[in-house]
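The values are calculated or read from the model by the stated rules, or taken from the named source; none is laboratory data. For clarity, every value in this text was computed on a predicted model and none was experimentally measured. Quick reminder, even Gly has a Cβ in these numbers, built from the backbone with ideal geometry, and neighbours come from all protein chains shown.
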Amino acid sequence: MIATQQIAGNNSGPFLRQPKIVVMHSTRSGQVNFSDSQELGATLNWFINPEGASSHWVLSELERVRVVKDTLIAWHSTYLNGRSWGVEMTQPTIDRPFTDGHYANAALIGQNYVSLGVAPVWLDYWDGDDGSGFVAHEDTIQGRQAGKSDPGPKFDRARFISSLNPEEEEDMKLKFIQAPEGPEWATNGTIKMGVTSPQIKTDLVNLGLAEGAGLAHDPFPVAQEFADWLIDIAAASGGGTSTGFPDFEIIGTAKAK
């Protein structure tokens, strides 16, 4: 199940036809000192208040809360509600950065909407027509008329859209590789590697290709056979740091003897 929580949020009943647009929002309570969990709680309370608003999902660093079922119209973009799904991400103020947890949760929800027929593309503008894709609230006709600024400049659109494309996501999995200097590296059977999400690290560990604790972005030991495979890819590409993975760099290359 995708949702970590579920509430019964404000809605206007069933869609007349299934949307092909997802409008991305941020919550913007304006409470500078709110933690992420406080922002989530305040948003969910507002979304069950009859005087409030709603969306289909609210995503925090740790939670994916289903607020309104995808078959029902949520209250997120006034006169565009009946033609779009709405996703909110917790962000108390415009300058609060989105975290890896936000992006991981947005990827899961976004992939679900792609499976429902939404194009995995970012739209620069949506005027309510029959287009398909993901769009910022601030870049909808309603959002511009209302002076909206969410999700704002802190939301990395390219990163989000890349997470919806399985091939591009595969390219992003191997973020960087880092080898200690000197002969020890060639004999200890491991190199150091960092990846872009906890799940990738877990998968590598489960496959017997990596070990180690710590954060997903911290370098950790990788099996020599896996390292050799990556180095061979680089060699086939002409040597150096090129592996065919856009976000992947080898620093110091030496295969085990």
Consider Ser60 carefully, then state whether it is modelled with pLDDT of 95 or more, within 20 Å of Arg157 (Cα to Cα) and more than 21 Å from the chain's Cα centre (by Cα).
no
Hey, Pro97 closer than 22 Å to Ala158 by Cβ and either modelled with pLDDT of 95 or more or crowded, with 24+ Cβ neighbours inside 10 Å (or both) or not:
yes
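Residue-wise test of (1) within 13 Å of Leu164 (Cβ to Cβ); (2) touching a strand residue (DSSP E or B) at 6+ places or on another chain (Cβ under 9 Å); (3) hydrophobic (A, V, I, L, M, F, W, C); (4) crowded, with 16+ Cβ neighbours inside 10 Å.
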| site | (1), (2), (3), (4) |
| --- | --- |
| Met89 | no, yes, yes, yes |
| Gly101 | no, yes, no, yes |
| Ala106 | yes, yes, yes, yes |
| Tyr113 | yes, yes, no, yes |
| Val118 | yes, yes, yes, yes |
| Trp122 | yes, yes, yes, yes |
| Gly131 | no, yes, no, no |
| Gly143 | no, yes, no, yes |
| Gly147 | no, no, no, no |
Filtered residue count, the range 17-34, keeping only those that are under 18 Å from Tyr103 (Cβ atoms) and of a type in the set (A, V, I, L, M):
3
Residues (in a strand (DSSP E or B) and not hydrophobic (A, V, I, L, M, F, W, C)) located in the range 19-43
His25, Ser26
